[in-house]
Each structure stands twice: as structure tokens, then as C-alpha cells.
1. Out of (1) touching a residue at least 60 places away in the same chain (Cβ under 8 Å); (2) over 17 Å from the mean Cα position of the chain (by Cα), what's the single condition that is false for Leu209?
2. For the stretch 110-153, give me each residue that is farther than 24 Å from Cys72 by Cα and assigned to a strand (DSSP E or B).
3. In the stretch 71-89, is there at least one residue being under 23 Å from the mean Cα position of the chain (by Cα), in a loop (DSSP other than H, G, I, E, B) and surrounded by fewer than 16 Cβ atoms within 10 Å (Cβ to Cβ)?
4. Given the structure, is Glu281 among the acidic types (Asp, Glu), in a loop (DSSP other than H, G, I, E, B), surrounded by fewer than 16 Cβ atoms within 10 Å (Cβ to Cβ) and assigned by TED's automatic domain parsing to the domain that holds Phe247?
5. Given the criteria outside any helix (DSSP H, G or I) and among the hydrophobic types (A, V, I, L, M, F, W, C), does Ile330 qualify?
6. Let me confirm something: among Leu167, Leu184, which residue is at pLDDT 95 or above and either within 30 Å of Glu146 (Cβ to Cβ) or surrounded by 19 or more Cβ atoms within 10 Å (Cβ to Cβ) (or both)?
7. Which one of these does Leu324 not meet: (1) more than 25 Å from Val200 (Cβ to Cβ); (2) assigned to a helix (DSSP H, G or I)?
8. So Met164 ticks every box in (1) within 24 Å of the chain's Cα centre (by Cα); (2) closer than 20 Å to Gln51 by Cα but one. Which box is left unticked?
Amino acid sequence: MSDKIDSLTSDLQHVSTPWLTPFYEKLQKTYHQGRFAHGLLFTGSSGIGKQKIAKQLAQFLLCTNKQNNDACFQCHSCQLINANNHLDFHLLEAEKNKSIGIDQVRLLTEKLNERPQLGNNKVVLIKGAEQLTESAANALLKTLEEPQGDSYLILLARTHHQLMPTLLSRLQQTHLHSPDDQTLINWLYQLGYQVSDLGVLRWFQNSPLALLNHLKLLQQDPSLDTRRQCVEGLFNLLYQPINLFSFSSLIAKDVEQNLLLLFHLLHDIHRLKLNDNQLNEDAIYYFALPQLQLWQIQLSLKSLRTLSTEILTTRSLLVEHSALKKELLINALLIKIKNKFKESTPC
């Protein structure tokens, strides 16, 4: 499964990202005008294209034969960065379940103090900048305070809130916004995907590359539709008690995502109760409306709020403390959900 995701993600590097074009053109114009910042921060949801535009910008900065509107894509420098083998391009990211430490930043600083190997510029891309430890962020400050004339740092993060204020003050910040529904649907259609289910757009928060990756995976294996698995899992939990552990195993495969999907399922049931049994077409679980209308009869508003809080609490515990016995916590949560449905308490 992970091999499939990695393969598809790499394929997305060659997909056009028209929602980012105006921003990219503005960056190039700023560079040609001599007003380009040495420290940049791009924020935005996962799958919006932060890494893609950062890599595109790095290629432009390192190109030795820049054109008016982009890199030349032909010079030796462009060829090397396309092959991920450029001596003046450095990628810094955390290892799995670890932070970006001070030693990594110090090593990076040493490289920035050297002269460029191939052209006039050096570029550093820091993925997941929110994972910088406090000491690592402090070590990075000096580089940002006294940047080398040929060095550029591009930091990527979902939001700016987890970064140190002193670090933020030395960066030019840009939040990358998702395209609207119609723009996204048209873009997917051009790529061969006809999407009428607005709920899947809401689930992926209109993040095009994440959504495209999901659609590619479903094309290979339709059973990977986690929203439908969640509905089926809850149905089996309530009416076939032996399936408690199968639903628990499904959630455990990706606790952070699947518990959030379960939360959204209850949230849509909650919305049904508050809106005369009606649900907007862009609700995440609109495709399962008939089943949700039956379930909303079985739960009180109080029970829905209690269970929603339980789901988010369990999710937070499991995401922040990976050493916890996730199967036990998930099983306990599912039993609570089953019992609340059994109560059938009227509003």
C-alpha cells in the first residue's frame, strides 16, 4: 500500500498546478526586480502543492540560463535538479516520528557558508518546518538574520502557528489557498476524473494533489474508499457484534485520518438532527444519507456530542503518544459508541 502511495505521489510532480501559477509568476517578477526575500515560508493544507512550487522555485533560482517567465529547463543545473542530484540544492526534513534537530541545522549552515558549486545561488528547502526543535530554530535565526547574498531558504508548514515568532519575523510568509469547487472539478476533469461527489472535496479540503492521489488509488483499488469503509464498519459494529475487531483494525491502520472520518460521520448525523433531517450536498457523508437518517433517530444530541468529544480525545491521545496501546483505546471507544446506539435515547 505505501509503495503505491509513494509511486503515485512522485507521478504528481509532473501535474500542472494552475491555482499556484499567479503566485509563482509574482515570485519570479519579484526576483527579476531584485526584491526577492532570502527567507520564505509557504503554508497551506497537505496536498495543496507546497513542495511542488518550492521545488519549481528552487529550479528557477538555480537555473544558469533563466528566461523571462521561468527556468530554461535545459541547462546542466536544471537537469541536475530534475535528477535530484544538484550540489547547491539541500533538502532538510525530519525522520519519521522525529524532530529536525540542531545538528541537522548546523550541518546545513556549514554548506550555506560555502561558495555555490555550479551557479550563483544555493537553495535550502525545509519540509515540515513546524518540526524544528527550539534549539534548531534558534540556530537557523542567525542564517536568516545575516543571509549570504547567494543563499535562499524556503520553509514549508501547514500553518505558521507552531513556528517561533522570532523565526516568523524573519520570513516572508505566504498562505497557499485551495481552489474553489468548480476550478477543482474542471482541473480533475482535464486529468480524466469526473467528480460529482462534493463530499470528497470537503473531506480533502479542496487540496488538489491529495484528492488526485486519492482518486488514483481508488482507480487501482476501489476498496480503499475509507469513507465508505467507515459507514460499513459502523453498520457492522452495530448489527454484527463479531465485527468489533475488524472495524477496530481498520481504524488502527491510520488512526489520525480514520478517527477524524468517524468524527465527521457523527458530525453529519448531528447536522441531520439540527436541520429537519436534511443534509447539504457537499456534506462528507451525503452519499450515505438514507443510512444516516435512520441513525439520527437512534441518538440524542447529548449522546452525539459526548461521542464526538470521545473520538477527538482518543485521536489526540493516540497521535501525541504513539506508545499507547491503540487497539485497546479504539476498542473501548467503539464499545462506547455501540452502547450509545443501544440506549436509543430520545431528544
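1. Against the list (1) touching a residue at least 60 places away in the same chain (Cβ under 8 Å); (2) over 17 Å from the mean Cα position of the chain (by Cα), Leu209 comes up short only on (2).
2. Applying the first criterion (farther than 24 Å from Cys72 by Cα) to the stretch 110-153 yields 110-114, 126-148.
Residues satisfying the conditions are Ile126, Leu132.
3. If we filter the stretch 71-89 for residues that are under 23 Å from the mean Cα position of the chain (by Cα), which is where we start, we get 84.
Cutting the leftovers down to in a loop (DSSP other than H, G, I, E, B) gives us 84.
From the residues that got through so far, the ones that are surrounded by fewer than 16 Cβ atoms within 10 Å (Cβ to Cβ) too are 84.
So far as the stretch 71-89 goes, yes, one or more of its residues are under 23 Å from the mean Cα position of the chain (by Cα), in a loop (DSSP other than H, G, I, E, B) and surrounded by fewer than 16 Cβ atoms within 10 Å (Cβ to Cβ).
4. On the way: among the acidic types (Asp, Glu): yes; in a loop (DSSP other than H, G, I, E, B): yes; surrounded by fewer than 16 Cβ atoms within 10 Å (Cβ to Cβ): yes; assigned by TED's automatic domain parsing to the domain that holds Phe247: yes.
Taking the combined requirement at face value, the residue satisfies it.
5. Spelling it out, it is not the case that Ile330 is outside any helix (DSSP H, G or I) and among the hydrophobic types (A, V, I, L, M, F, W, C).
6. Working: Leu167 fails: at pLDDT 95 or above.
So the residue among Leu167, Leu184 that is at pLDDT 95 or above and either within 30 Å of Glu146 (Cβ to Cβ) or surrounded by 19 or more Cβ atoms within 10 Å (Cβ to Cβ) (or both) is Leu184.
7. (2)
8. Only one criterion is unmet by Met164, namely (2).
The values are calculated or read from the model by the stated rules, or taken from the named source; none is laboratory data. This one's a predicted model, so the numbers in the text were calculated from it and none came from an experiment. Heads up, the Cβs are rebuilt from the backbone with ideal geometry, glycines too, and the neighbour counts pull from every protein chain shown.
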